[in-house]
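**Q** Submitted below is the structure of interest, expressed as structure tokens.
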Amino acid sequence: MMHQYDEPVYLISIVAKILDIHPQTLRQYERENLVCPSRSNGRIRLYSQRDIDRIKLILRLTRELGVNIAGVDIILRLKENVDEMEQDMVDLRREVMKAKSGHTVSSDKALVTKKSIYEMIIFEEKK
């Protein structure tokens, strides 16, 4: 049975076995807010494939690159910001292409035009 990428289905023991780490390491990552697994009604941690991939990145940063936990936190936040900006750029490019092809502006945008490029200033002479 296939699960969605964000669907929380893996128990902590399974994730620990998959990644060859101790469950306490996963609990530590949660305490440090590096990963936030879902909880079942019985308060059992459930991890998604997205969580597992994030933990793999954390392990790569700490084991292979020697980054400490504080550094990992900063890197993950920066990565999230970059991912958001990249998605915004994709959306904007799509919107620009749509506007170019249809020569229209989306209804949620306002188009402002100037009627004249000249402004008139009148000075009064003092007496």
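**Q** Considering (1) over 18 Å from the mean Cα position of the chain (by Cα); (2) at pLDDT 95 or above, say which one Asp53 fails and leave the rest.
**A** The number of the failed condition is (1).
**Q** Further question: For region 31-49, name all the residues that are surrounded by fewer than 14 Cβ atoms within 10 Å (Cβ to Cβ) and part of a helix (DSSP H, G or I). Show your work before the answer.
**A** Within region 31-49, the first condition is being surrounded by fewer than 14 Cβ atoms within 10 Å (Cβ to Cβ), and the residues that meet it are 31-33, 36, 39-44.
Of everything in region 31-49, just one residue is surrounded by fewer than 14 Cβ atoms within 10 Å (Cβ to Cβ) and part of a helix (DSSP H, G or I), namely Arg31.
**Q** Which number in (1) loosely packed, with under 10 Cβ neighbours inside 10 Å; (2) in a helix (DSSP H, G or I) marks the one condition that Val96 misses?
**A** Answer for Val96: the failing condition is (1).
**Q** So which residues in region 44-60 are closer than 11 Å to Leu26 by Cα and among the β-branched types (Val, Ile, Thr)?
**A** Correct list: Ile52, Ile55, Ile58.
**Q** Residue by residue through region 15-26, note down the ones that are free of Cβ contacts under 8 Å to residues at least 12 places away in the same chain and either surrounded by 14 or more Cβ atoms within 10 Å (Cβ to Cβ) or among the polar types (S, T, N, Q) (or both).
**A** Ala16, Pro23, Gln24, Thr25, listed by residue number.
**Q** While we're looking at this one, here's another question. Select from region 56-93 the residues that are outside any helix (DSSP H, G or I) and farther than 20 Å from Pro23 by Cα and write down the one among them that is nearest to the chain's Cα centre (by Cα). Lay out the reasoning, then the answer.
**A** If we filter region 56-93 for residues that are outside any helix (DSSP H, G or I), which is where we start, we get 65-68.
Now restrict to residues that are farther than 20 Å from Pro23 by Cα: 65-67.
Numbers: Leu65: 23, Gly66: 24, Val67: 21 Å.
It comes out as Val67.
The values are calculated or read from the model by the stated rules, or taken from the named source; none is laboratory data. Values in this document were obtained by computation on a predicted structure and should not be read as measured data. Glycine also receives a Cβ, built like all others from the backbone with ideal geometry; neighbour counts cover every protein chain displayed.
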